[in-house]
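A.B. asks: Supplied in structure tokens, the structure appears directly below.
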Amino acid sequence: MEKIQLVLDLTHSYCNPLQKNLNLPNNIKFFTLADKSNNAETQKRLYELVRIGVLDDPGITGSFETFEQFLDNIFVPCYWENAESQFLASINGDWVGLSSISIDSENATAKCGLTVVKKKYRGLGIATELKRKTIEYSLRQGLSRMVTTVHKNNNPMLKVNRKLGFEICK
């Protein structure tokens, strides 16, 4: 699977991290996983988004973990332990998008995880706004950079990252 690594230098005057996307649906709400309770409904909603995101990645072939495997192996270490840096979007109560980061304090780096928007809601700027929220969070944490890895054929996500100032690592 061919991936491209991109980096965003947060130490330079960052170009427009706080500029809001004015084309977002009026009924969209943004929140973090920390705003929700750790219960079966939250776990199932998150599982649905993560599953969609992983299986939609151009470099993925095969299947995704069962819900039980997700709970046993992924939910706590990848999402719940970093609940304040897991940004979500909902429309009319439906969870439609996620952008996650984990913090590497030792290296002052935010490591971008999955960014996903359900197909029905793509093209509305939701992924860009979710990713922007991870940048704002990283800036508030005093981090110096963000890193992400994107499959070379995932043109929409490459475009979002480049628009937000991420540069391809040479």
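A.B. asks: Rank these by accessible area, largest first, 1.4 Å probe: Thr134, Thr115, Thr149.
C.D. replies: Details: Thr134 0, Thr115 25, Thr149 75 Å².
Output order, biggest surface exposure first: Thr149, Thr115, Thr134.
A.B. asks: Could you give me the ³J(HN,Hα) list for the stretch 107-112, computed from phi with Karplus coefficients 6.51, -1.76, 1.60 and θ = phi - 60°, whole Hz, x at Gly and Pro?
C.D. replies: Result, ordered by residue: 9, 6, 10, 9, 9, 6 Hz.
A.B. asks: Mind listing the long-range amide H neighbours of Val96? Cut-off is under 5 Å, sequence gap 5 or more, other chains count too, H placed in the peptide plane at 1.01 Å from N.
C.D. replies: Correct list: Ala89, Ser90, Ile91.
A.B. asks: What full-extension length gain, to one decimal in nm, is calculated for Thr11 and Leu139 as 0.36 nm per residue of separation minus the Cα-Cα distance?
C.D. replies: On the way: separation 128, 0.36 × 128 = 46.08 nm, distance 0.89 nm.
Computed gain between Thr11 and Leu139 is 45.2 nm.
A.B. asks: On a full-extension model of 0.36 nm per residue, what is the gain between Glu167 and Asn73, subtracting their alpha-carbon distance, rounded to one decimal in nm?
C.D. replies: Values: separation 94, 0.36 × 94 = 33.84 nm, distance 3.17 nm.
Taking Glu167 through Asn73 to full extension adds about 30.7 nm, to one decimal.
A.B. asks: As a check on your grasp of the helix formula, calculate [θ] at 222 nm for the chain: sum -39500 (n - 2.57) over DSSP H runs of n ≥ 4, divide by the residue count, round to the nearest 500. Display every interim value, and only then the final one.
C.D. replies: On the way: 4 runs with 45 residues, N = 170.
Calculated from helices alone, the mean residue ellipticity at 222 nm is -8000 deg cm²/dmol.
A.B. asks: What figure in square angstrom, to the nearest 10, would you give for the accessible area of Lys36 with a 1.4 Å probe?
C.D. replies: Roll a 1.4 Å probe over it and Lys36 shows about 80 Å².
A.B. asks: Which of the following values of Cα Rg over 2.2 N^0.38 Å was calculated from the structure shown: (1) 1.37; (2) 1.58; (3) 0.99?
C.D. replies: Looking at Cα Rg over 2.2 N^0.38 Å for this model, the match is (3).
A.B. asks: Continuing with this model, one more query. Considering only DSSP beta bridges with both partners in the chain, what is the antiparallel share in %, to the nearest 5?
C.D. replies: 90 percent
The values are calculated or read from the model by the stated rules, or taken from the named source; none is laboratory data. The structure presented is a predicted model; accordingly, all values stated were derived computationally and were not measured. Heavy atoms of the whole protein, side chains included, go into the accessibility calculation; ligands, DNA and RNA do not. Shrake-Rupley method; radii C 1.70, N 1.55, O 1.52, S 1.80 Å.
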